Structure formats: C-alpha cells, structure tokens
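Visitor: This is the structure I have questions about; it appears just below.
The values are calculated or read from the model by the stated rules, or taken from the named source; none is laboratory data. The shown structure was predicted, so the numbers you read here are calculated from the model rather than taken from an experiment. No Cβ is skipped: glycine too gets one built from the backbone with ideal geometry, and neighbour counts run over all protein chains shown. In case anyone asks, the SASA skips ligands and DNA or RNA and just uses the protein heavy atoms, side chains included. Shrake-Rupley method; radii C 1.70, N 1.55, O 1.52, S 1.80 Å.
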Amino acid sequence: MRGRRAPRPGSAEVPAAARDAETLRAGAASPARRAQLAEDVGTPTGGGEERRGRQPPAAAPRLRESKPQGGSEDRRTADRDLQRGCLSRSPRTAPPVPGMGDRGAQHERAALQSPGAPEGAAAAVNGLLHNGFHPPAACSRDPPPPRFQLPPELQPQQQPLFAQHDSPAKKCRLRRRMDSGRKNRPPFPWFGMDIGGTLVKLVYFEPKDITAEEEQEEVENLKSIRKYLTSNTAYGKTGIRDVHLELKNLTMCGRKGNLHFIRFPTCAMHMFIQMGSEKNFSSLHTTLCATGGGAFKFEEDFRMIADLQLHKLDELDCLIQGLLYVDSVGFNGKPECYYFENPTNPELCQKKPYCLDNPYPMLLVNMGSGVSILAVYSKDNYKRVTGTSFGNMMSKEKRESISKEDLARATLVTITNNIGSIARMCALNENIDRVVFVGNFLRINMVSMKLLAYAMDFWSKGQLKALFLEHEGYFGAVGALLELFKMTDTQ
C-alpha cells in the first residue's frame, strides 16, 4: 500500500501546513538535512499522490516524553527533535527574547509574505503561531547576565557638547564657561568699577598666559576690548590710563597678567555705557562688579542701553579689601605704603617706605567727592566713625552751568559738615554728650543750623543734639563787659 508512513509511536501528528513550512525552511539546508526531513515527514513513492494528514486538534499539540513501544529507540523530546532536524528554530541570528513572540511573528509573516515566497507559506506559519508554537528561548531558565553600568562621567551623551555646526565664537564661550566652572574663575574680561560722584575708577586685568588654543578660539569682540584698553593711554578727551600705577606679573584667580588702572569723569559714564553696547559686552557673559553711589545711579542705564546687569557691592567693604590686597602684593617689588620724614622742612623732607604688615587698629580716611572716616580693627571688623562732603566742581561743564549762589551754597554745606564732624569727634574723645553751637557764622544762617542739627543726630544715632542760642554772635561782647566790671570793683 502506497502513501506516507504512519507516525511514530509517542509523537503528535504534524499538520500538512506545518510540513510545508518546514520544507520551505529546509530549502537552504544541506542535502543530508533535506533527506532526513523527507524521511521524517514522509515521501510519496511510486508516483502516487500523497495522502492528506489529519487536521490538528483545537489545542496546540505538545511534544511529550514517552517510551517507544518496542525497540530501543531513544525518547522523543522537543530538544531532541530540534537536534535531529525535525523542528527548527527561527532563522534569526539570536534567540527570541521572552515576551517578544509577537515581534517574532511579525518578522516571520513579513518574510513569507514577500514577493516570490511560495503560495500557502504564510498561512502555514500563521497557523503555527496561532496554535501557540514558538521556538524555545535558549537558556530561558538561567537568570540574565548582570549588566555592566558605566559611571555617570562615562555615560554617552545624547548631544555632543561642541556640535559640529557650532561657530568658533560659541565654542569659545562654552569652553570658557567649562573652564570657569572647573577652576571657579569668572570668564574674561575681568573688570572692577568704583563709580564715584566725580570720577569713575576702573581696573582691568590683562591675562598674559593665553595659550595658542585660547588665542585661536577667542571671540573677536573680546580681542577688541583687550587691544583697545591696553594699547591706549588715553580714551577720548577725558579717559586716562595711569601707566605708572600698573601692577605687573600678578597671579589672580590662577591666571598671570597685569592690572591696569583707568579713570574718567563720571559725567562721561553714558559714553562708556554706549561703548559697551557697541562692543557687545553682553555676549561675553561677563559680570560687571561695581561699587560707589554711581552703581545705583546708572544701574538702569547699564541694563537698558548695554543689556548688562551690574553686581553692586558695598563701598566700604571694597575699600578695605582692595587696600589690604594691593599692600600685600606690593608695588612691583616696592612697598605700597609710605610716609614723609621731616615734613615741615622743605629741604629735609623725604619720602620713606612704611610697612603695613600689622596695620590694626587704624583710622582710614577716604577722601573723594565725599569723606569717610573708618575705624578698622581687622579686615572684617570696622565701622564708619564719621564723614563729610567737598564741592563737585572738578568738571568744567558743571562749573559753567551753575550760578554763584549755587557755588556759595556748596561751600557753605562743605564747611558746616566739617565743623560738625570735628565737634562730634571731640565730644566722643572727651566723653561729653552736650554740644552747643554759637558764633556769628550762624547769624540768620538757618541752612547751617539745620544741617548741624541733622548731622549730629544722624551720626550719633540720636545720642547727641546740637544746641543753639538766640544771641549767637554777641556772647563775646557780653563777656568783655563782665570782665570790665570785675576790674572796676577790684580797684
């Protein structure tokens, strides 16, 4: 009787569609494997037609271990069938990951539904997958190998820090910010400003240790600023760089360079702000540290015109800290502090250096448009004892724009403040809390009397009061008359 041979005892009937799919998969295999597959699934002989196998049951067939009936044939298991070639895994290069059966099914369908695939192959595979058959995953019972975790600094970045399309200027800014963050230093340029009532004092640090890489990547406006400040000794009609005060070969914040000292009238501040806007200061991400009353006066102009934010600092703190620093580094190998020997003799008067290694306590008198007198006990312990004000008449434009009455009032205020400061200091030294002001200077001089009253109350925090008398200018004459009376009685 011709036809396919009966299935072996202990094995499940393989559907015809599955047989066709296995035949397709074995097409690229070796002749020996194709022969083995033909032997297992049955080959028609004598030119007769192959009989159709039985339809599979509703549930997916499972290969169970069973002892063969008769003979000494090995047990049939799923692993052994795979070894013998009866079943084969998916042609993927790696075994499917558990839980990814749907994705594997999609790959199978796509491969067998492509143009040129034999008719019915896709249906065969769909039938296998639908019936629950999936190739077993290799080593599925073993735990997955531990994953090696890279430290955070070695983790791959989603986006390179310096993108290929970035401009040299942008790369330079990024590099400067990285360098500043690593070494805790601000990006260049480095400025310090003291905006007083009469003059603006500007210090600029010029780095002298710039590497070739920094020079190449440095943005053009930063080069322009450095060249402009260091190549000139005058800026416009009023700006001056005091070359004789330059401090050379300093190390500041880990960089070596020179410290330049520049000044210009406060009335020219708007031109300076405009220059900052034209040279695009804001693109450098630098910080402008400023002190003095002008730091508050011009803050809005810096922000609106030049897009710059001032970092305002306490004036007295900056004064003391700056003085102590410059004295510690010296003046290019010479001492910073000096005094005059024999000051009353013009022929013998000489300038002598003075050591400030142990300066505390000291009375620090800062004389600018105004005067501040500080008692300094250490670099962090000080107090403003008193102060006074001088005329702001150094500017020719201001002198020409005011009247004689304004000049007289400014002189009056200056003198009155000086008198009040001296009186208060004497009261403190003598431990006296009652101060009386007399004299013809106060005759019908309500301005000075009110100013003295305010100054004494303010600087003493309400502890001292200025006292006045109605006959302020006549007390000397009255005293002379009384003395005359004494002389007459004696005779």
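Visitor: Would the stretch 241-252 turn up any residue that is at pLDDT below 95, under 22 Å from the mean Cα position of the chain (by Cα) and either within 13 Å of Glu206 (Cα to Cα) or polar (S, T, N, Q) (or both)?
Guide: The answer is yes; a qualifying residue exists.
Visitor: Next question. Identify the single condition in (1) more than 46 Å from the chain's Cα centre (by Cα); (2) surrounded by 15 or more Cβ atoms within 10 Å (Cβ to Cβ); (3) without any contact (Cβ under 8 Å) to a residue 40 or more places away in the chain that Lys404 does not satisfy, given that it satisfies every other one.
Guide: (2)
Visitor: Could you please find all residues in the stretch 430-449 being open to solvent by 100 Å² or more (accessible area, probe 1.4 Å) and either in contact with a Gly (Cβ under 8 Å, 6 or more places away or on another chain) or under 17 Å from Gly387 (Cα atoms) (or both)?
Guide: Residue satisfying the conditions is Arg443 alone.
Visitor: Follow-up question, since we're still on this one. Considering Ile225, Ile210, which residue is in a loop (DSSP other than H, G, I, E, B) and under 26 Å from the mean Cα position of the chain (by Cα)?
Guide: Only one candidate qualifies: Ile210.
Visitor: Go through the stretch 250-288 residue by residue and tally those that are touching a residue at least 60 places away in the same chain (Cβ under 8 Å) and open to solvent by 70 Å² or more (accessible area, probe 1.4 Å).
Guide: Adding up the residues that qualify gives 4.
Visitor: Which of (1) touching a strand residue (DSSP E or B) at 6+ places or on another chain (Cβ under 6 Å); (2) in a loop (DSSP other than H, G, I, E, B); (3) of a type in the set (Ser, Thr, Tyr) does Thr388 not meet, given it meets every other one?
Guide: The single condition Thr388 does not satisfy is (2).
Visitor: On to the next question. For the stretch 351-369, which residues satisfy the criterion of being over 25 Å from Lys201 (Cβ atoms) and open to solvent by less than 90 Å² (accessible area, probe 1.4 Å)?
Guide: Lys352, Cys355, Tyr360
Visitor: Same structure, new question: Give just the number: which of (1) closer than 21 Å to Val371 by Cα; (2) open to solvent by less than 50 Å² (accessible area, probe 1.4 Å); (3) among the aromatic types (Phe, Trp, Tyr) does Tyr454 not satisfy?
Guide: Unmet for Tyr454, out of (1) closer than 21 Å to Val371 by Cα; (2) open to solvent by less than 50 Å² (accessible area, probe 1.4 Å); (3) among the aromatic types (Phe, Trp, Tyr): (2).
Visitor: I need a count of the residues in the stretch 290-315 that are open to solvent by less than 30 Å² (accessible area, probe 1.4 Å) and within 24 Å of Gly368 (Cα to Cα).
Guide: Counting residues in the stretch 290-315 that are open to solvent by less than 30 Å² (accessible area, probe 1.4 Å) and within 24 Å of Gly368 (Cα to Cα) gives 8.
Residues checked against (1) out of contact with any helix residue (DSSP H, G or I) (no Cβ under 6 Å at 6 or more places or on another chain); (2) small (Gly, Ala, Ser); (3) modelled with pLDDT of 95 or more:
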position: Asn258; (1), (2), (3): yes, no, yes
position: Phe261; (1), (2), (3): no, no, yes
position: Pro265; (1), (2), (3): yes, no, no
position: Ala268; (1), (2), (3): yes, yes, no
position: Ser283; (1), (2), (3): yes, yes, no
position: Thr287; (1), (2), (3): yes, no, no
